[in-house]
Structure formats: structure tokens, C-alpha cells
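Just so it is clear, none of the values below were taken in a lab; they were calculated from the coordinates. Computed from a predicted structure; not experimentally measured. Methodologically, a virtual Cβ is constructed for each residue, glycine included, from the backbone with ideal geometry; neighbour enumeration extends over all protein chains shown.
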Amino acid sequence: MTKKPKQKKTTAKQPATKYIFIVGGVMSGVGKGVASSSIANLLQSRGHKVTAMKVDPYINVDAGTMNPTEHGEVFVLKDGLETDQDMGNYERFLNTDLPSINYMTTGSVYQAVIQKERNLEYGGKNVQVVPDIPNEVISRIKKAAKVAKADIVLIEIGGTVGEYENILFIEAIRSLKSDHPGDVAVVMASYLPVPGSIGEMKTKPTQHAVRTLGSTGVRPDIIIARSKVAVDRKRKEKIAKFCDVKVENVISAPDVDSIYDIPLHYEEDQLSTRLLETLGLPTRKKADLKAWKKFVSGSKGGHDVVKIAVVGKYFSSGDFVLSDVYLSVLEAIKFSAYKLKLTPEISYLPSQHFEDKKNLKNLKKYDGVLVPGGFGITGIEGKLNVIEYVRKNKIPYFGICYGMQLAVLEFAKNVVKIKNASTEEINPKADHLVIGVMDEQRENIAENNMGGTMRLGAYPAVLSSGSIASKAYRAKEIVERHRHRYEVNPNYIEKLEARGLRFSGKSPDGRLMEIAELPVEDHPFFVGVQFHPELQARPLDPHPLFTAFVKASYEAD
């Protein structure tokens, strides 16, 4: 009997990972981060496994050492990396947690290359800015794709084309596209001004930006045209002709009421289809945006109003208000309000304003007050005055990180009557340090080792049965993200609890106080948390503590 020849085993070829780079043209602040988030949202809705990355062209190794007034909110990832606030937008639009490999700065890239050189990982070769820095960038991008098991990776390049700072990242695009020409798409988010004295939308700045990008060997496949109003057909044709892109690849992006409208507006110009065609991917599956449309519809107002005051130290910058400093907090309030079918009316109040107690009466017009995180002595007396006022007047209060520490300190000073009570961060020589530095942080502070050394990232906490917190979470144990060096001093817990303050959330070993609250019999809602719940609030999944706070604020007399 003749044996049949063995058939060779065939393995399906792994589809190539696709890469989409988003760069900025004309000027900064045109919304590259929101554009990246929206594109990620759309491609995810079409069934793709998507991950998003941010490249910041700063020498800072991470965003943790940047002053919020310099660079906006510091967003902390689950694994503890301190990043740019765009990472928060990515997580919110994708409704997922992102790892630290998805964020890089010039400083972190150079640091990695230098460390590899020190470890002889280059085998004694001459290490050069080009190609070794761009190669490290590409290596990180590919690793992020592998970690996420993503078939599409979006990479936002910080800054604007033509700047010295991001030229090496542009070179990484050129190199990656040279090696994988069918797998890389480039999107430019550019600005089309409409000068008031002329009254006509101008495309010339965008033409110059595309020409500048082209001088690096990179050309955009798609142009997102940002402007006050929608871009008309004539302007699209002009951009297409002079920037060498298809006219249908010029996407109109006018100003909108909410950033969450943007994916829907992009789809009106079929942006996701244009990207999939550029990358050679099937376009048959339509975007499933039902849940997103429902959320956007619920955010349009027409409901009862809930008035929330956010009292922070970083709002004022000259003649301007910097709400981006507390971006995640403000968004978390909105998500919970929309879930409750309420329209949030959020006011930004500088804590320094309340150092004069005469101004405290202005808080009566708000349904709830929130004090977010922060550092240092600026505005601390104003915050303490606010906390005392809302406690006595039974205005719902939510304190986050520093906002919890100061709530505990205010209670110690004014209820427990501990004279000269203070926090070690402000007055390390005070008689009673109700808030003290964490033991593991003392060496870091003594050695001035401040970058990336706080208690960072996700940690578990155990909740007390019957507490406000446990009822909100509907859980006995939670995991939340942290960013702090100071904690409630355990030596004062017995005195504080004896006068009615309840520590309803603790670390599993019982050593660290994670949540403090007053019983509902004494106050409609008075809760402070050592962690940052805002970092896990999502449009389609609001945070339960924020929802409990907004609900209590609306229902309070």
C-alpha cells in the first residue's frame, strides 16, 4: 500500500500591525490629543484592537516634576507612571487602562539609550543620535503594540512640526514608514485661521506646515482641518491640491460644544474609513457608536442643574483660568452628573480667595464643594477655611488627596481641639503632626530624590461595612490610583475617631488611612479620599464616589 505524502503544516501569517502617527501643524493647542483619542475610539468601534501612545518632546523623564500651571494635569497610570493629561483622554475614549510603555519623553528615551550604552548593549559600537534615538522610539512603539496585542497603534507626537524638539520623533516616523510602507499612516492636525479683518478661512499656514513636514521625508496621508467653523469644499480642494492629499482625506473639524462630539463629527467625513483604506484594511464593518451616541445625547443638558464648586490653588495664571490643571476631576463630575440626568454647573474658585473669611458666604450658592489634590503651602489657609465652612453648614464635601488630608487636619484643629495641629509638609516642627510623611518617603525627601518616587499607581483598600464609601462602591475591597508622600498620622486616629470622624477605607494591613468620612447622621456627604478616583472615571463608566457626591449635592437641602 502506497503511503500518502505528508502534507506540510501551514501557519496563518500574522497580520501586520498598523501604525497611525498624529502630528500638529501651524500651532500648538489644536487638539492633537483629542484627535488621537477620537480616532482610537472610532477604530475600536469598528472592531479593531487599538492602543494609543503619547510622545512628549521634553527632557523631563516623566511629567511628575512639571508644575501643573506649566503643563496641565499630571495623569497617573495604573502601574504608577506620571504622564501627560492626554493619556487620560486616551483611557477615557478607549474605556481601558494603558501601561507605562505607552508614554515616552525625550528624557526617558535618551536615558534608556545611555543606560544601554553603559550596559554594553550596543556591543561597543559608536552610539549616535541618529539612528539610535529614533530606533529606541520605534522599539518602544512596537513593544506597546505587543503588550496590548493591538492591530492598530496610534502615536501622538507632541509639539508642532518644524520645532527642533520633536525632529527625532519625526525621523522615527520616516524610518518606520520606510521599513513598513503599507503599514504606516500620518495624520496632521492643522489650524485654519479666519482673520477677523479678512473674514476668509486661510489655508496657507497649513500648506507651509505640510511643506515643512515634507522636508523631513514625511508627508501626511490625512489632514484634520481645525477651525472655528466647518471647512467648505473649496478650501478642502485647495488643501488637497497644494498638500498632495486626496480631497476626501481632508477632514473638517470645527469647534464643538464638547470634545465627546468629535468622534461623531469625524465620522460625518468618514475619517475611520479613510484611515482603514490608507492602511489597506477592510472597511466593511461599520462603526458601532450606539453607546457613545447615548452618552453624548445625555450630556446635552435640558435637565436639572447641580452646582459644584471646585476650590483649587492652580486655577489662576495671570488673567487666565487654567481648568486643565484639574481636567480629570472636572470630567469625572460631568460623567456622574450625566449618569444622574443632571446638568453640571462647575465653578473654578481659587483657594487663595477664601483666606479672607468674608468670602466664605459665597459658597452658600453651591450644592457641593470639592477640594482636589495639590502640594505646598499656597492657598492652604483658604482651603481649611472652606472645609470648616462646608462642614458646619452641611454643604456636601468631597476631598481628594490633599483635600482629604486638609479635611482631617481641619477636624483635628476645630473639633478635636488639638492645638498647633499641622501637616508635616507645611510645618515639620509643629507640635502635633496630624498628617505626616510616610516612613518609606523620608529617605527620598532627605536625599532630594523627588522624581517618580511618590506612592504611585494602583493600590488596594478595604472598606468598612455600612459606610458611605462601601455603599457607593457596592464592594468590600477596591483598587485606586495614588500620588502622594504624606498620610494620616496613626498616632491621632483614636482621638479623631472618638469625636466622630470615621476612617472607612484602609490599606489591607490597616496601616494607611485611605478614606475619611462623617456619618450621614451628622452631615449629608463629607468624604475625603487619599487616592485619585478621578483617574478611573470614564464617560461610559462614571466613578461611583463622584456619582455619590453629585447625587448628595443635588439632594441636599
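Brief remarks follow.
- On the beta carbon distance between Asn449 and Lys143, with R0 = 35 Å, the FRET formula returns roughly 0.80.
- Overall form of segment 326-379 per C-alpha gyration tensor (a/c, 1.5; a/b vs b/c): oblate
- Residues Val74, Val113, Val187, arranged from fewest to most other Cβ atoms within 10 angstrom of their Cβ, appear as Val113, Val74, Val187.
- Whether segment 301-555 is rounded, prolate or oblate, judged on the alpha carbon gyration tensor where a/c under 1.5 counts as rounded: rounded
- Label-point separation in nm, Ser507 to Ser28, each point 7 Å along Cα→Cβ: 3.7 nm
- Computed from Cα positions, the angle between helix 106-118 and the longest principal axis of the chain comes to roughly 80 degrees.
- Residues Ala291 and Lys476, FRET efficiency given R0 of 45 Å [Cβ-Cβ distance, rounded to 0.05]: 0.95
- Length-normalised contact order of the chain in % [C-alpha pairs under 8 Å, at least 6 apart]: 14 percent
- With the simple model of a label 7 Å out from the Cα in the direction of the Cβ, Ser197 to Lys392 spans 5.6 nm.
- Counting other Cβ atoms within 10 Å as a rough exposure proxy, the listed residues Val147, Val296, Val23 run Val147, Val296, Val23 from fewest neighbours to most.
- Length released on extending from Leu120 to Lys357, taking residue separation times 0.36 nm less the Cα-Cα span: 79.1 nm
- Computed from backbone phi, the HN-Hα couplings of segment 229-241 come to 10, 4, 7, 7, 4, 4, 5, 4, 5, 5, 4, 4, 5 Hz, rounded to whole numbers (Karplus: 6.51 cos²θ - 1.76 cosθ + 1.60, θ = phi - 60°; Gly and Pro given as x).
- Among Glu136, Glu277, Glu443, sorting on how many other beta-carbon atoms sit within 10 Å of each Cβ, with the fewest leading, yields Glu443, Glu277, Glu136.
- Using 0.36 nm per residue and subtracting the Cα-Cα separation, the extra length available between Glu165 and Lys228 on full extension is 19.9 nm.
- C-alpha long axis of helix 204-214 to longest principal axis of the chain, angle in °: 70 degrees
- GluC sites (Glu not before Pro) within segment 447-544, DSSP loop, no more than 16 other Cβ atoms inside 10 Å: Glu447, Glu521
- In order along segment 92-103, the Karplus-derived 3J(HN,Hα) couplings, from 6.51 cos²θ - 1.76 cosθ + 1.60 at θ = phi - 60°, round to 5, 6, 8, 6, 8, 8, 10, x, 5, 4, 7, 10 Hz, and Gly and Pro are given as x.
- Shape index of segment 434-511: Rg/Rh, with Rg the Cα radius of gyration and Rh the Kirkwood radius from the inverse mean 1/r over Cα pairs, equals 1.02.
- Selected from Ile157, Leu81, Pro263, residue furthest toward positive end of dipole (the chain; charges at beta carbon): Pro263
- Here segment 18-294 is described by how far its Cα atoms reach on the three principal axes: 57, 41, 40 Å, from widest to narrowest.
- Oblate is the label for segment 218-284, because a/c, from the alpha-carbon gyration tensor with a ≥ b ≥ c as root eigenvalues, is 1.5 or above and a/b does not exceed b/c.
- Cα-Cα separations in segment 87-244 greater than 20 Å, expressed as whole percent: 60 percent
- Taking the centroid of alpha carbons for each part, segment 385-421 and segment 113-169 are 47 Å apart.
- Compared with the alpha-carbon gap, the fully stretched path from Lys365 to Val305 is longer by 20.4 nm at 0.36 nm per residue.
- Length-normalised contact order of segment 301-555 in % [C-alpha pairs under 8 Å, at least 6 apart]: 22 percent
- Alpha-carbon centroid distance for the pair segment 443-478 / segment 38-87, whole angstrom: 22 Å
- Residues of segment 106-147 with amide N under 20 Å of the 7 Å Cα→Cβ point at Thr65: 106-118
- For segment 272-304 versus segment 515-557, the gap between their alpha-carbon centres in whole angstrom: 31 Å
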